[in-house]
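The values are calculated or read from the model by the stated rules, or taken from the named source; none is laboratory data. Just so we're clear, the structure is a prediction, and the values are computed from it rather than from any experiment. We place every Cβ from the backbone using ideal geometry, glycine too, and count neighbours over all the protein chains shown. These accessible areas exclude ligands, DNA and RNA; they are computed on the full protein's heavy atoms, side chains included. Shrake-Rupley method; radii C 1.70, N 1.55, O 1.52, S 1.80 Å.
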Amino acid sequence: MDIKNMKYNIFRIVFLCLLQTVTLTHLHAQISIVDAEDGKPLAGVYLYDENTNCIAVSDKDGKVGKLSGKVTASLMGYEAVTVDASTFTGKIEMKSKWTNLPELVVKKKDYAKMSGVFRDIFRNNGSTVIYREGIVDYYFSKKKKKFIRRVRACRQWELADIRKLSTKELAAKGISLWGSVSTNLSKVHTLNNIEETESKGDTTTYKTKYKGKELEDVIMEIKMPKQGLVRQVVDNSKFLKNDTSKYWGNTYITKQNINDWGLRNDTTDTKSITSLVALHKIFVGEFQYDKESRPIGVDVIKDFVVTGLEFLTNEEAKAEMKEKEIARDFKMSDVLPEINYNREKETKNLVETDFWEY
């Protein structure tokens, strides 16, 4: 090989290496997410891959780590945006689609009644096992300080015959119903922030304590002035990630557990039950029936959004709660967060039926 060709080949190799480096950097560019109207960074935006798996949540600066492939940015009160992170550059601009909050006129009565819509997506190993959508009423007793839930309408799709099978029989078919129950505010536990760790713009992070363990940045409080909301994103995963529990020989492993509370941005320090506007929950785990069984992946996305609020006397509330009929023909308000989940495609092999929980 002569000197001229050798220099050319060396130059070519160096050029190709540089091109590959630039291409790889481009393929995995960091993404920033902002409000389309004012350009402010949006914290707590959920990024879903093509299979509707939550792969990232934007930080207080509206940024997420390096991603690739098609991703969908989803946030309550905004239109979802899908981009190809492998080629996308710049910022994801999200447009507001918020509707007015239900009018709040507090009355001194025995019960606060919250009406709302819900959606439950429950999957095993990436395939939908149960899908629900419907309307629900929650009756909050001011005296007893607890919720009573009444599902008023529901469309549910599920795998055939799962109601007839035992946990062992389900596991043999690669099915686990761990976490498949619908949202129930009477059974949701919350963490309390104990100390502010950082505040920037509309976002404040807090550290908290759970079972004697103290961690920073578990709670992210995000003000949304346009919507009149404040969100409290509680990342239980920081306490529970890879947490393993065993009951009756079954093994349960938690991998991701996030509760995102949407509250009215009240000026008072104390949040009352009437402040609640929405709840978004993401759960990912793994179930194993016994040592000989294959682990079953579990992932859940649940949403609840308040559409109405009123106050009732004890007699009025009890009369309404006696009614337990669940309708299947109904129309839902379009207020749930937009996500890249194709309900028709995901439920085509499932059976449409009435409301049921395991």
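Couple of notes before you dig in:
- Residue pairs whose Cβ atoms lie under 9 Å apart, separated by 6 or more positions or on different chains, with the first residue in the stretch 203-219 and within 19 Å of Gln256 (Cβ to Cβ) and open to solvent by 50 Å² or more (accessible area, probe 1.4 Å) and the second aliphatic (A, V, I, L, M) and modelled with pLDDT under 80, are Tyr210/Leu191; Tyr210/Leu240.
- Subset of the stretch 333-354 (residues that are open to solvent by 40 Å² or more (accessible area, probe 1.4 Å) and not in a helix (DSSP H, G or I)): Ser333, Asp334, Glu338, Asn340, Asn342, Lys348, Asn349, Val351, Glu352, Asp354
- Matching residues, the stretch 128-145, being out of contact with any helix residue (DSSP H, G or I) (no Cβ under 6 Å at 6 or more places or on another chain) and of a type outside the set (A, V, I, L, M): Tyr131, Arg132, Glu133, Gly134, Asp137, Ser141, Lys142, Lys143, Lys144, Lys145
- Residue match in the stretch 268-285 (condition: of a type in the set (Asp, Glu) and either in contact (Cβ under 8 Å) with a residue 24 or more places away in the chain or open to solvent by less than 70 Å² (accessible area, probe 1.4 Å) (or both)): no
- Condition met for Asn265 (modelled with pLDDT of 95 or more and open to solvent by 50 Å² or more (accessible area, probe 1.4 Å)): no
- The stretch 47-160 holds strands (runs of 3 or more DSSP E) entirely within its bounds, and those carrying 1 or more residues that are out of contact with any Asp or Glu (no Cβ under 6 Å at 6 or more places or on another chain), exposed (fewer than 15 other Cβ atoms within 10 Å of the Cβ) and of a type outside the set (Val, Ile, Thr) map to 63-66, 81-84, 127-141, 146-158.
- From the list Thr313, Thr307, the one residue that fits, being open to solvent by 10 Å² or more (accessible area, probe 1.4 Å) and under 20 Å from the mean Cα position of the chain (by Cα), is Thr307.
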